Structures are given as structure tokens and as C-alpha cells.
1. Count, please, the residues in the stretch 165-195 that happen to be outside any helix (DSSP H, G or I) and either under 16 Å from the mean Cα position of the chain (by Cα) or closer than 21 Å to HIS266 by Cβ (or both).
2. Mind telling me which of the residues THR154, THR145 ends up being assigned to a strand (DSSP E or B), open to solvent by 30 Å² or more (accessible area, probe 1.4 Å), of a type in the set (Val, Ile, Thr) and closer than 14 Å to TYR76 by Cβ?
3. Tally time: how many residues in the stretch 81-90 are open to solvent by less than 20 Å² (accessible area, probe 1.4 Å) and part of a strand (DSSP E or B)?
4. Take VAL217 and decide whether it is modelled with pLDDT under 95, more than 18 Å from LEU114 (Cβ to Cβ) and not in a helix (DSSP H, G or I).
5. Is there a residue in the stretch 95-107 that is of a type in the set (A, V, I, L, M, F, W, C), open to solvent by 90 Å² or more (accessible area, probe 1.4 Å), more than 28 Å from the chain's Cα centre (by Cα) and farther than 27 Å from GLU67 by Cα?
6. Do we find that ARG211 is open to solvent by 20 Å² or more (accessible area, probe 1.4 Å), part of a helix (DSSP H, G or I), within 16 Å of ASP172 (Cα to Cα) and modelled with pLDDT of 95 or more in this structure?
7. Identify the single condition in (1) open to solvent by 30 Å² or more (accessible area, probe 1.4 Å); (2) within 27 Å of PHE231 (Cβ to Cβ); (3) touching a Ser or Thr at 6+ places or on another chain (Cβ under 8 Å) that LEU160 does not satisfy, given that it satisfies every other one.
8. Is it true that some residue in the stretch 196-203 is surrounded by 14 or more Cβ atoms within 10 Å (Cβ to Cβ), acidic (Asp, Glu), part of a helix (DSSP H, G or I) and out of contact with any helix residue (DSSP H, G or I) (no Cβ under 8 Å at 6 or more places or on another chain)?
Amino acid sequence: MQTNKRIYPSERKPSKWMSYLLLFLSLVIVLSGLFSRGGDQSSIEAVTESTPPPLTDSFDETRTTKEITLERQAWYALQLGAFENETSATEQAQLFRKRGAAGFLWHDNRFRVLAAVYPLKDDAQRVREQLQENHAVDSYLFEITLPELRLRLTGMKGQLDILEAAFIHADDTIAALQALSLSLDRQEISNQEAAQQIRLRSEQLYQVSARLEQRFVQPRNTAVVQLIAFFADYSEFADSLDPSVSNATFSVAVKYQTLRSLWLLHQLRDTL
């Protein structure tokens, strides 16, 4: 006797495909989670300015010896007068400062009143002739020489790296100031633009100076102390700038700082 069976549509096939689908979706979710955690986690975004690395970063403490060469430099200054005593030199410097010269006192065996400085002798000579022809101002070319120095540095690698970088930044700072001074005289750049460039460099030098202080503990080598002082002096100059003054007044300030920075670097080289 055959038993009557109630026949329903088979659900095996739909259940099988549904299981496959759910399994596939589960794998996708799992794999996407794995890739998000273990794959490339970098991102790209636009920033308005670079972010300096933290000053607390560790550095290579491997003991090593390194030789660096400080290249010879020759600068040509316009000397407006040379005096035996500082009082007379200061009086003349103040008079010429009102006329657009730096009026910086360079003291070696005499007190020299300097108007401006140039990296090329021909440029200095050209300006000297213009001063004579257009303003009846007599001047003399005074050469400032920084001799070549070969230094052998011994210390931790991270110390020597930042010290070498500091010397390069000091040289670049004087060259940048002189170029800005020339652009201001030619009215190729505004006071505001020049001030912005000076302050940006001041921020860079602060980072260098801070690393020098971090990596060289007290008592510091004389060269390190003077480099830190060089950068601090530039920072004070940058903070004191007032772009709202006349172009002539602003240009005098930049000329003066160019010579002052060169003087500080000259003093530093003499101690090495």
C-alpha cells in the first residue's frame, strides 16, 4: 500500500545558493577588515606648510669622526670711513644711516664705517662709482675674507650632522640677506614680502638652533655656543622688523643685519 505523501517544492537548491551568497559576503567583510588593518594605511592630504619634526626625536649616538671643509669666502664692503676711536665712527655711521647706508661698525685694528656688502668685487665697484657720481660720496672697497677651514669633528653622528648643517645655514643666511637687500634697493620686492622671507628663515634657524641645544649638553664647544648665538641674533632681528616703514628705512635694517651676521660669522671662524 502506497502512503500518500504531500509534495512541496524542493528547498535544497535555494538554500544552497543562499548559503554560498552569505559565505561570500562574510568573506568580503572579513577580507576588507584584514586589508584595512594590514594593508597600506598611508593617506595623502594637502597641507599649507611643512610640519617640522619634533625636537624630542632621537638621534644617532654612534661615536664617529668626520671631516668637513668650510669654503673660503670673500665679501666686498663699501667703507665710508675708518677711525681710531669708536665715538667718531659712531657719529659718521649715524649720519650715513639717515642717507640709506647700513652704517655698521666693523672693528679690527680700526673702527670702519661700512655702507653695504657684496659677494662680487665688480658689483661693489659699480655701486662705489655710482655713489661718487650721483651723491658725491667717497668710499673705499674693504675686502672681508673668511679663509678656508678644514675641520675634524669627533662626537656622536647625530651631533656632527646637525653641526655641519648649522654651518651651512649660517652661510646661506648671509647670502639670502644680501640678495634681499639688493632686491629692496631695486624695488623688486616689497617690505612685506621681504619680511615674510626673513621670518620663514627665522623659523628654520630656530629648528636648527634647538637641535644644537638638544644634542650638545653643557658645557658646549665654543663653536656650538656661537652658532646658537648667531641664530638667536637673527631671530631677534626678524622679530623687530616693521614692514610698514619706508622702503629706504627697511632696506637699511636689512643691510645692517647682513653685515652684522657676517661679523658674527667672521668672529666664529676666528675661534676655530
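The values are calculated or read from the model by the stated rules, or taken from the named source; none is laboratory data. In this text, all values refer to a predicted model and were calculated from it rather than measured experimentally. Reconstructed Cβ throughout: ideal geometry from the backbone, glycine too, with neighbour counts over all protein chains shown. All accessible areas refer to the heavy atoms of the entire protein, side chains included, with ligands and DNA or RNA removed. Shrake-Rupley method; radii C 1.70, N 1.55, O 1.52, S 1.80 Å.
1. Of the residues in that region, 0 qualify.
2. Details: THR154 fails: closer than 14 Å to TYR76 by Cβ.
Step by step, each of THR154, THR145 is checked, and only THR145 is assigned to a strand (DSSP E or B), open to solvent by 30 Å² or more (accessible area, probe 1.4 Å), of a type in the set (Val, Ile, Thr) and closer than 14 Å to TYR76 by Cβ.
3. Of all residues in the stretch 81-90, those open to solvent by less than 20 Å² (accessible area, probe 1.4 Å) come to 81, 89.
Applying the additional criterion that residues be part of a strand (DSSP E or B) yields 81.
So the answer is 1.
4. So VAL217 fits the description; yes.
5. Looking through the stretch 95-107, at least one residue is of a type in the set (A, V, I, L, M, F, W, C), open to solvent by 90 Å² or more (accessible area, probe 1.4 Å), more than 28 Å from the chain's Cα centre (by Cα) and farther than 27 Å from GLU67 by Cα.
6. no
7. Just one mismatch for LEU160, condition (1).
8. Scanning the stretch 196-203, I find no residue that is surrounded by 14 or more Cβ atoms within 10 Å (Cβ to Cβ), acidic (Asp, Glu), part of a helix (DSSP H, G or I) and out of contact with any helix residue (DSSP H, G or I) (no Cβ under 8 Å at 6 or more places or on another chain), so the answer is no.
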